[in-house]
Protein chains: 2
Amino acid sequence: MEISPAALEPRQMHKLIIGSVVPRPIAWVSTISAEGRTNLAPFSFFNGVCASPPTLSLSFSYNPERPDHKKDSLRNIEATGEFVINVAAEPQQETMHATSGDFDIQVSEIERFGLTTAPSVRVTPPRILESPIQFECRLLQIIPVGEGRGSATLVLGTVEHIHVDDHLIDDDYHIDIRALKPIGRLAGNSYCYVHEIFDLGPR
Amino acid sequence: MEISPAALEPRQMHKLIIGSVVPRPIAWVSTISAEGRTNLAPFSFFNGVCASPPTLSLSFSYNPERPDHKKDSLRNIEATGEFVINVAAEPQQETMHATSGDFDIQVSEIERFGLTTAPSVRVTPPRILESPIQFECRLLQIIPVGEGRGSATLVLGTVEHIHVDDHLIDDDYHIDIRALKPIGRLAGNSYCYVHEIFDLGPR
């Protein structure tokens, strides 16, 4: 099939991207508002950018449900310059997915789903102890892309501190992927396990 | 384990990020140089950004092997403003991985590995016919992050045309993930299959 994006509505293009750019890692993002309300939500337009400075990227899509058209997480990041990326793994899969629902701005998903928090070391938003790896991040750059429905705001964050469950990491900073048990994001309500791991190479 | 990034070397921080931000989608990027030489290489700091304009992101790490410290793909994108993201799936896994090796700038990985190309519709670099989905992209924005070893250049591209193998897509632009057979990138030389798919929800 030959597809010209100009002929597609934003929701059709979105479906095509989330079905083709797979599997995606999941950032379960905890933030705090200017008024001190916590928020927790998963995002999968998420990846690494580089190691020095240690940088991660997150894209927040246009939100028709709010007057300012922003996801609550993005509004909080803009207000405070801080966020925590909690890695979501198999034991958290149901709760993580549930926090992707559309909740009133007054609702803290952390309280609603009975998650356990701990203070962060370098930033104000709490980290989620159920998560096996937590990246404390400070806002580096905000990059708006497009306008209106289908647009997004790309956020770059610098990692200021990392917490890793002891059994997942060795002294040379190698992560044990089988012990981590990450899950990958696909389209719709679909996810994948990372059980069938294989090595290729040497190159 | 508590980790302060300031205490880590770039290669240690890189290992931590590629072990934690998993599984990652793979962009098998075809480009052409100002002199007309083709290049093909895989990158996994890759994701969607938004649907309108249809935008994808790619991060290219600092390359100590070249005088300008750029990956050949990045140099070509800067020179021409164009690239094709070919989705790499199971049938291409060995070849895709082989093209991640460090080849002389004179070598076209496309010719070296006997891949089949077809002309693109909207851009100059060819697309790889062995790949089931090909996104023709035009450079939207270049965002440098950091300097020296461990730094990167983040590239945003606008999708101008898409080719999808007919058996993978329906009239509503839904991609059949089981037929696509994507693979996910992990750390080192490791990858994962996307066979164990599950649904969560409704939210």
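The values are calculated or read from the model by the stated rules, or taken from the named source; none is laboratory data. Just so it is clear, the model here is predicted, and its values are computed rather than measured. Backbone-built Cβ (ideal geometry, glycine too); neighbour counts: all protein chains shown.
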**Prompt:** Any idea which residue in region B:51-78 is surrounded by the fewest Cβ atoms within 10 Å (Cβ to Cβ), counting only those that are of a type in the set (A, V, I, L, M) and under 21 Å from residue A:52 (Cα atoms)?
**Reply:** B:58
**Item:** From the options A:130, A:136, A:94, A:160, residue that is in contact with a helix residue (DSSP H, G or I) (Cβ under 6 Å, 6 or more places away or on another chain) and modelled with pLDDT of 95 or more
**Value:** A:130
**Request:** Please go through region A:97-110 and pick out each residue that is more than 8 Å from chain B (Cβ to nearest Cβ), touching a residue at least 24 places away in the same chain (Cβ under 8 Å) and in contact with a strand residue (DSSP E or B) (Cβ under 9 Å, 6 or more places away or on another chain).
**Result:** A:99, A:105, A:108, A:109, A:110
**Prompt:** Do you know which residues across region B:62-89 are within 15 Å of the chain's Cα centre (by Cα) and either part of a loop (DSSP other than H, G, I, E, B) or under 15 Å from residue B:131 (Cβ atoms) (or both)?
**Reply:** B:71, B:83, B:84, B:85, B:86, B:87, B:88, B:89
**Message:** Every residue in region A:31-42 that is more than 13 Å from chain B (Cβ to nearest Cβ) and either within 26 Å of residue B:88 (Cα to Cα) or not in a strand (DSSP E or B) (or both), please.
**Reply:** A:33, A:34, A:35, A:36, A:37
**Fill in**
The residue from A:65, A:94 that alone is touching an Asp or Glu at 6+ places or on another chain (Cβ under 9 Å) and either more than 9 Å from every other protein chain (Cβ to nearest Cβ) or free of Cβ contacts under 8 Å to residues at least 12 places away in the same chain (or both) is A:65
**Where residue B:47 falls short, out of the listed (1) more than 30 Å from residue A:170 (Cβ to Cβ); (2) facing another protein chain (nearest Cβ under 7 Å)** = (1)
**Asked** Going through region B:90-107 one residue at a time, which ones are part of a loop (DSSP other than H, G, I, E, B) and crowded, with 17+ Cβ neighbours inside 10 Å?
**Response** B:99, B:100, B:103
**Request:** Please state which of the following conditions residue A:71 fails to meet, knowing it meets all the rest: (1) within 19 Å of residue A:18 (Cα to Cα); (2) touching a residue at least 40 places away in the same chain (Cβ under 8 Å).
**Result:** (2)
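Conditions (1) more than 7 Å from every other protein chain (Cβ to nearest Cβ); (2) within 16 Å of the chain's Cα centre (by Cα), marked per residue:
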| position | (1), (2) |
| --- | --- |
| B:116 | yes, no |
| B:123 | yes, no |
| B:127 | yes, yes |
| B:145 | no, no |
| B:149 | no, no |
| B:168 | yes, no |
| B:183 | yes, yes |
| B:195 | no, no |
| B:200 | no, no |
**Prompt:** Can you tell me which residues in region B:151-166 are in a loop (DSSP other than H, G, I, E, B) and more than 7 Å from chain A (Cβ to nearest Cβ)?
**Reply:** B:165
**Request:** Please specify each residue of region B:74-91 satisfying the condition of being over 25 Å from residue B:141 (Cβ atoms) and either charged (D, E, K, R) or without any contact (Cβ under 8 Å) to a residue 12 or more places away in the chain (or both).
**Result:** B:90
**Message:** Taking the criterion of being aromatic (Phe, Trp, Tyr), more than 30 Å from residue B:156 (Cβ to Cβ) and not in a loop (DSSP other than H, G, I, E, B), would at least one residue in region A:181-193 satisfy it?
**Reply:** yes
**Failed condition for residue B:115, given (1) in contact with a strand residue (DSSP E or B) (Cβ under 8 Å, 6 or more places away or on another chain); (2) of a type outside the set (Lys, Arg); (3) not in a loop (DSSP other than H, G, I, E, B)** = (3)
**region A:48-61, residues that are within 19 Å of residue A:81 (Cα to Cα) and either of a type outside the set (Val, Ile, Thr) or part of a loop (DSSP other than H, G, I, E, B) (or both)** = A:48, A:53, A:54, A:56, A:57, A:58, A:59, A:60, A:61
**Asked** With respect to the numbered conditions (1) closer than 20 Å to residue A:59 by Cβ; (2) not in a loop (DSSP other than H, G, I, E, B), which one is the sole condition not fulfilled by residue A:134?
**Response** (1)
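This table checks each residue for (1) among the basic types (Lys, Arg); (2) over 28 Å from residue B:193 (Cβ atoms).
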{"residue": "B:7", "(1), (2)": "no, yes"}
{"residue": "B:12", "(1), (2)": "no, yes"}
{"residue": "B:16", "(1), (2)": "no, no"}
{"residue": "B:20", "(1), (2)": "no, no"}
{"residue": "B:24", "(1), (2)": "yes, no"}
{"residue": "B:34", "(1), (2)": "no, yes"}
**Message:** Report every pair of residues separated by at least 6 positions or lying on different chains whose Cβ atoms are under 7 Å apart, first residue within region B:6-30 and facing another protein chain (nearest Cβ under 7 Å) and without any contact (Cβ under 8 Å) to a residue 40 or more places away in the chain, second of a type in the set (S, T, N, Q) and buried (at least 20 other Cβ atoms within 10 Å of the Cβ).
**Reply:** B:21/A:47
